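Taking it in order: structure first as structure tokens, then the write-up.
The values are calculated or read from the model by the stated rules, or taken from the named source; none is laboratory data. Here the structure is a predicted model, which means the values were calculated and not measured. FYI the Cβ positions are ideal-geometry reconstructions off the backbone, even for glycines, and counts take in every protein chain you see. Accessible surface is based on the protein model in full, side chains and every heavy atom, while ligands, DNA and RNA are left aside. Shrake-Rupley method; radii C 1.70, N 1.55, O 1.52, S 1.80 Å.
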Protein chains: 6
Amino acid sequence: MPFWSEFSHIGIQKAADNTSVVVMVTGALEAHGTHLPLATDAILPTYLAEKVAEKTKALVLPTIPFGDSWDFNKFEGTISIDPQVLTEFYKSVMIGVFKNRFRYLIVLNGHGGNIPALKIAAKSATEKGEHVVIIVNWWKDLAKSARELVQETPGGHAAEDETSEVMHVRPDLVHLSKAVAHRVVTKFDIISGSYREELLPSAMYGDPRKATEEKGRLIMEQAEEELIALINELEQGRLPLTKE
Amino acid sequence: MPFWSEFSHIGIQKAADNTSVVVMVTGALEAHGTHLPLATDAILPTYLAEKVAEKTKALVLPTIPFGDSWDFNKFEGTISIDPQVLTEFYKSVMIGVFKNRFRYLIVLNGHGGNIPALKIAAKSATEKGEHVVIIVNWWKDLAKSARELVQETPGGHAAEDETSEVMHVRPDLVHLSKAVAHRVVTKFDIISGSYREELLPSAMYGDPRKATEEKGRLIMEQAEEELIALINELEQGRLPLTKE
Amino acid sequence: MPFWSEFSHIGIQKAADNTSVVVMVTGALEAHGTHLPLATDAILPTYLAEKVAEKTKALVLPTIPFGDSWDFNKFEGTISIDPQVLTEFYKSVMIGVFKNRFRYLIVLNGHGGNIPALKIAAKSATEKGEHVVIIVNWWKDLAKSARELVQETPGGHAAEDETSEVMHVRPDLVHLSKAVAHRVVTKFDIISGSYREELLPSAMYGDPRKATEEKGRLIMEQAEEELIALINELEQGRLPLTKE
Amino acid sequence: MPFWSEFSHIGIQKAADNTSVVVMVTGALEAHGTHLPLATDAILPTYLAEKVAEKTKALVLPTIPFGDSWDFNKFEGTISIDPQVLTEFYKSVMIGVFKNRFRYLIVLNGHGGNIPALKIAAKSATEKGEHVVIIVNWWKDLAKSARELVQETPGGHAAEDETSEVMHVRPDLVHLSKAVAHRVVTKFDIISGSYREELLPSAMYGDPRKATEEKGRLIMEQAEEELIALINELEQGRLPLTKE
Amino acid sequence: MPFWSEFSHIGIQKAADNTSVVVMVTGALEAHGTHLPLATDAILPTYLAEKVAEKTKALVLPTIPFGDSWDFNKFEGTISIDPQVLTEFYKSVMIGVFKNRFRYLIVLNGHGGNIPALKIAAKSATEKGEHVVIIVNWWKDLAKSARELVQETPGGHAAEDETSEVMHVRPDLVHLSKAVAHRVVTKFDIISGSYREELLPSAMYGDPRKATEEKGRLIMEQAEEELIALINELEQGRLPLTKE
Amino acid sequence: MPFWSEFSHIGIQKAADNTSVVVMVTGALEAHGTHLPLATDAILPTYLAEKVAEKTKALVLPTIPFGDSWDFNKFEGTISIDPQVLTEFYKSVMIGVFKNRFRYLIVLNGHGGNIPALKIAAKSATEKGEHVVIIVNWWKDLAKSARELVQETPGGHAAEDETSEVMHVRPDLVHLSKAVAHRVVTKFDIISGSYREELLPSAMYGDPRKATEEKGRLIMEQAEEELIALINELEQGRLPLTKE
């Protein structure tokens, strides 16, 4: 039962004797097409973290359900945290973890918009001491080969891949009949408050219509395996790197 | 099913047509004696909010699981957000809610340490526009008469009342046999980093030994009723006040 | 003559040899009904501090005359400091005091709106070192029995109690003939920029019409005594607490 | 009686009908040689402001008793506000004044260390609207000819001029027998935390030994006259400038 | 001559009539192996911008020579700006540009560490109004085919590609004989203050030994062409995107 | 070749063995009359710094081309950095320099508006350690006697002195035929967003019409000499001060 939040302060001391790895889960609350729940980016990494909590000794923190969703802030239902505030919030959590004798903090991140804040926070939180933050942007860093195998259309926001994943994890929240496809591809990173709805029409980037529960299952299973492998590597004091 | 996070961005538009009330749940992750889980202050208001979600049309936001736990920061397992960062985070969420056509935001707060941040955030978030934040510090604002009726010892942090409540909501996480009693009463508000463990020995303020599930049930049921009454009042455009 | 500000830097060194207690006075500049001066919340704690300066060795700092008066910011004459700025300002003063060899800092606070900022500042300023901040919200923490004895109506903002106190301390600034009574009682903490004038009509909370100088004198005398008792306790290294 | 703080919120409305000028007084609490009080930089402009309050309709705000005293922060008794916090505090006060229908804000500044913060605050506070901040660094902008006439040694921190002024205003706080002279002259602005005591030995810059009450009186009288002239000019809507 | 800085304020008005595009150049000052100058990440985009200034009407801003170089901060010579400060600095420049009637701001970025700050700044600066920021991370967004053609080893920090480019632009500053090769490949984003020198040994990521001036020339020429094409597209009001 | 930016990280280590002095150059991008380039305040100190780089071992940092130009922000072409952001940016650079074993940092400042930010940054950056910041506001601290000799009209913004200097350094950027003269003299420091164009008409303060290249040459030559003298003094461990 390695959910950090469920231990008493005595219990956490014992748990900390058995692991050096903590998993921080970062989500978002933002429009995901017309067919996926607003919490999609929190639901998926939380599911993965729960799987991991069953199978390793790494401690899983409660999910941070809000993120930087500026890109979707014009779509109703989106609640976006100012990125500089989000940075400081992440930093506070990271410092709090490292205060507690742990060495490795895996950020299991479910949302692209959080990346700048996570990077800046991690630099500051590890500035001193022997601490390491590993940011796992799970939708692109994990399950690469499974994705390649199952996807018939390119991955993206509320696209075939993500839709399949939610169909596996929370089928009750998917309204596939309402799904529409849009994909505006840009050559460079275009940032513009007034073009948000044009760059991401219907809060979509991709084509969800070929999504199936089975595709989602295959992706999630591989992601789970890889995440457990990473934790095991860290428990043995090895960073996931190779020197060329 | 009024959990904000479960709607799609189309779904939230319809939901917003039917209510003007949103519930924001603010918790903490901090030492609660030797017998209660670290997430106690998140578990209890989340439970209340879920009950409310079943019985009203008010939309319930995902719980913010970390708070200002400076008082308990020397006890292992506590993760505390810097209060000025927490203020800004709350403000970002509040502004995000009011951007979405809602008028009333009930903050269902589970943790005393969050109050300064909540107050400051609410002032700023309601500075403009016709918006109202109502801070419900549920452990002291709700179920007053039930508490009076059932409590044999004074309420407090991980005390008889709170222990009973967790026994009702998450009995699996209570280790009553490990409970100890401490109560350091101060005449004034004493704030001191170096006296934290002396002011709150064993992360306790009160006596949990007379806690029972039944006491918890009675408190939670009354709290739930009063919260629903408040929501109904707000839905009719009435603030909970009387002019003398 | 223990006013910090009146010593030379040589003089303060000697004074610091004789006491470990400093008194910081925090006021506000805000509308107080139609009959009391804007500086009411500075005048009263300053008066108490001056009394204390005559009778103990504790050093009294110059009063900070502005505070967080957001609640009254729509009434002319109110000048309100942004609460996050106020927090940092208080923190700077507290750190400056503790840099000077003192151990105990009593904040003699005259204004409810300052409490969140004072709490947050004190946490940060005492994070390291053997320092203690004691926040005395004098209008509710001191002279409780005197208040109970003399008040015919409930206490409050510009109410019977506060009006009596100013009548005792600065009778020339009270226009009792212009006093009006209003009292909007709320069940929960309601924060709303647009309802400020409705929640506190005429910048009032209470009934000042039964105020007398004599009532004020009795309250102030008891407050003074209790404050001196607290200082004496601290000079002997005892915090105002009891372990139950 | 034009002290802002002494009016009720009704009274300030009438006062505001009769003037467009407000005086904000900014001091400091810092070591001033071995013979002058720590509050010197607050005492002198406060005295001037009180004189002005008697003779014009301009409204005088309560003195801000702390400033940026970084240069003297190694001398006991000095309490210094972080300059970025001080900037925000000043800005909050300025915005509060301009919210109240006034057009001209004279900052009667008693302390050189406050100038950067005042300049930055004033830019921000006047960014919008028809408002003007006029910073009067009284010890160099006022009474120039009187100073030239009476001074036998160069002016400076706790020097002949300042000492004379305090002798006129608060003779009880001057310990002339303890005065020492030091003057470290630099070609450029040297800023260095570790050289502070070397750059300003004994917290002195100048020679206070020829100070007399009479010299102080002459300076203060001229300063008062010039300040009143400035206020009168502003009341007629004229800025103190000439076009060449 | 479209360098913004060389125009008078009259001249810039005319220049602004002829273009809607501004180029902001963001560099860094950080260790680049043992053979490249610290300013490498400023030198290369500045060179490109100068080329563009000759051939289009877009206005080129002066290069910001410092960036977020946290990763290399343990190597002597690196000067790193705190990322949150850098964010605000970029934001100030962007807002200043958009205040001046321009619509499109191309950020010609020379340094990976700046990306989080640039993204956050651009969101805020374009929140209101019809403005667009396009971030061109030139070393990966431009000249892709030329790179593919000429590179014999993978690109990277002070690697074959970057070394070739500096050999083309500033051959006098390259000490190829001192070049060493290192490449630590990580599976995930690892951020750790204490592992910085291990993750980037000798401030290197790649193999510079096959670098030639000719390779650099080919890359720079293609980059220049593509940048000019982007500017021309923007001048015609077209964003670089395709709708699928 | 002592430009910091041109060294490799190995090279800078050797350079640091030979000097303890670094020169930081701070400019601005703002309207300078109708005849001078927007970069005037960067061009002049950069020129001086380059001269110094040829003749001493002090290391010259790349110029920071933007500053606080609030006063001219209503004139097209001006880009102004928020002063509080600028303060933090300067602080980051200063801390980066002192991290690199240097002791003395000369700020060669070309712009009056930067002074508050520089002062505040320097206090913080030198708070700890044996570091010294020397702010040289070159247009008033250097070449005083040359200025006195050559100037026929008072110095100022885009005035005779500054115009002559740019004529010496970058004659191609001066449009003397377009020059106009304005000089609004104020008795006190007047700060007002809405009066900016009135206080500095045509972005001018002074009369540029008598400017000549020769006058500029004489000023720059003396400035250069004095700056070299200062560096030499510092290299020998002497601060530019005299004790009286």
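Here are some notes:
- For the stretch A:20-33, the condition holds for no residue, the condition being that it is within 7 Å of chain B (Cβ to nearest Cβ) and without any contact (Cβ under 8 Å) to a residue 40 or more places away in the chain.
- Scope the stretch C:122-153; condition more than 9 Å from chain B (Cβ to nearest Cβ) and without any contact (Cβ under 8 Å) to a residue 60 or more places away in the chain; matching residues: C:140, C:144, C:148, C:152, C:153
- Summed over the stretch F:136-162, the residues that are part of a strand (DSSP E or B) and either surrounded by fewer than 23 Cβ atoms within 10 Å (Cβ to Cβ) or at positive phi (or both) give a count of 1.
- Within the stretch A:188-206, residues that are open to solvent by less than 20 Å² (accessible area, probe 1.4 Å) have Cβ atoms under 9 Å from residues that are among the aromatic types (Phe, Trp, Tyr) in these pairs: A:191/A:70; A:193/A:70; A:196/A:70; A:196/A:72; A:196/A:75; A:203/A:72; A:203/A:75, counting only partners at least 6 apart in sequence or on another chain.
- Cross-chain or 6+ apart pairs with Cβ under 8 Å, the stretch D:44-71 first and more than 10 Å from chain C (Cβ to nearest Cβ) and basic (Lys, Arg), then open to solvent by less than 30 Å² (accessible area, probe 1.4 Å) and assigned to a loop (DSSP other than H, G, I, E, B): D:57/D:2; D:57/D:19
- Each residue in the stretch B:120-134 was checked for being under 16 Å from residue C:197 (Cβ atoms) and open to solvent by 10 Å² or more (accessible area, probe 1.4 Å), and 6 of them qualify.
- Taken as a whole, the structure leaves residue E:158 outside the set of residues that are under 16 Å from the mean Cα position of the chain (by Cα) and more than 19 Å from residue F:10 (Cα to Cα).
- Top-ranked residue in the stretch E:198-230 [being among the acidic types (Asp, Glu) and within 13 Å of chain A (Cβ to nearest Cβ); ranked as nearest to the chain's Cα centre (by Cα)]: E:226
- Scan of the stretch A:110-130 for residues that are in a loop (DSSP other than H, G, I, E, B) and either touching a His at 6+ places or on another chain (Cβ under 7 Å) or at negative phi (or both), ordered by number: A:110, A:111, A:126, A:127, A:128, A:130
- So residue A:229, is it in contact with a helix residue (DSSP H, G or I) (Cβ under 7 Å, 6 or more places away or on another chain) and modelled with pLDDT of 95 or more: no
- Residue list for the stretch A:1-15, restricted to those being over 21 Å from residue A:42 (Cβ atoms), among the small types (Gly, Ala, Ser) and within 7 Å of chain B (Cβ to nearest Cβ): A:8
- Residue match in the stretch F:76-91 (condition: more than 25 Å from residue D:197 (Cβ to Cβ), touching a strand residue (DSSP E or B) at 6+ places or on another chain (Cβ under 6 Å) and more than 7 Å from every other protein chain (Cβ to nearest Cβ)): no
- Residue in the stretch F:163-181 that is most open to solvent (accessible area, probe 1.4 Å), counting only those that are assigned to a helix (DSSP H, G or I) and β-branched (Val, Ile, Thr): F:169
- For the residues D:75, D:102, the requirement of being among the aromatic types (Phe, Trp, Tyr), within 25 Å of residue C:21 (Cβ to Cβ) and outside any helix (DSSP H, G or I) singles out D:75.
- Going through (1) of a type in the set (D, E, K, R); (2) assigned to a helix (DSSP H, G or I); (3) modelled with pLDDT of 95 or more; (4) more than 16 Å from residue B:163 (Cβ to Cβ) one by one, residue B:41 falls short only on (4).
- Residue check, residue E:34 open to solvent by 10 Å² or more (accessible area, probe 1.4 Å), farther than 27 Å from residue F:4 by Cα, over 16 Å from the mean Cα position of the chain (by Cα) and modelled with pLDDT of 95 or more: no
- Condition met for residue E:173 (touching a strand residue (DSSP E or B) at 6+ places or on another chain (Cβ under 9 Å) and among the aliphatic types (A, V, I, L, M)): yes
- Meets criteria (more than 14 Å from chain E (Cβ to nearest Cβ), outside any helix (DSSP H, G or I) and not aromatic (Phe, Trp, Tyr)) for residue A:107: no
- Evaluation of residue B:10 against the conditions (1) surrounded by fewer than 23 Cβ atoms within 10 Å (Cβ to Cβ); (2) in contact (Cβ under 8 Å) with a residue 40 or more places away in the chain; (3) touching a strand residue (DSSP E or B) at 6+ places or on another chain (Cβ under 9 Å) shows that the sole unmet condition is (2).
- Lone unmet requirement of (1) at the interface with chain B (Cβ under 10 Å from one of its Cβ atoms); (2) small (Gly, Ala, Ser); (3) within 17 Å of the chain's Cα centre (by Cα); (4) closer than 28 Å to residue B:70 by Cα for residue A:39: (4)
- The sole residue among C:53, C:15 that is modelled with pLDDT under 95 and either of a type in the set (Asp, Glu) or open to solvent by 10 Å² or more (accessible area, probe 1.4 Å) (or both) is C:15.
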